[in-house]
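Contents: one structure, followed by commentary.
The values are calculated or read from the model by the stated rules, or taken from the named source; none is laboratory data. Since this is a predicted model, take the numbers as computed values, not measurements. A quick note on method: Cβ atoms are made from the backbone with ideal geometry, for glycine too, and the neighbour counts reach across all protein chains shown. For accessibility, only protein heavy atoms count, side chains too; no ligands or nucleic acids. Shrake-Rupley method; radii C 1.70, N 1.55, O 1.52, S 1.80 Å.
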Amino acid sequence: CIQDSPLGEKVKILGADAGLHFLMRLDTSLGDAELAERAAAQGVRISCLSQYCHDAERDAGTVIVNYSGLESEQMGMVVERLYRAWCG
């Protein structure tokens, strides 16, 4: 869903076969706090990898996508909201 959207041109998916989450590295100049704030303003709660790592700068722009509670019908809407938050 992400790769087939306009957001797909701005991200790299890491660990897609990890289970109930994956990492999404966003090509952006926005800081992680701003990424989270903008997503929250669109009604999407995210966590950034830098919150869990010692070297926060190295992992800046990498979002942990936990989709365990997301219905498949909601995925397109969430991706659209993230695109608006970060790129639009």
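Listed values, structure above:
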read-out: Distance (nanometres) between label positions extended 7 Å along Cα→Cβ at Gln3 and Ser29; value: 3.0 nm
read-out: For peptides 27-36, 14-23, sequence by mean Cβ density within 10 Å, most packed first; value: 27-36, 14-23
read-out: At 0.692 mPa s and 37 °C, Stokes diffusion of the chain via Kirkwood alpha-carbon radius, µm² per second; value: 251 µm²/s
read-out: Chain lengthening between Glu73 and Val44 when straightened (0.36 nm per residue, less Cα-Cα); value: 8.9 nm
read-out: For the chain: accessible area per residue (Å², 1.4 Å); value: 66 Å²
read-out: Average Cα contact separation per residue, the chain, under 8 Å, 6 or more apart, as relative contact order %; value: 35 percent
read-out: Relative packing of 43-50, 76-83, which averages over residues the other C-beta atoms within 10 Å, highest first; value: 76-83, 43-50
read-out: Accessible area of region 24-88 belonging to carbon and sulfur atoms, whole % at 1.4 Å probe; value: 45 percent
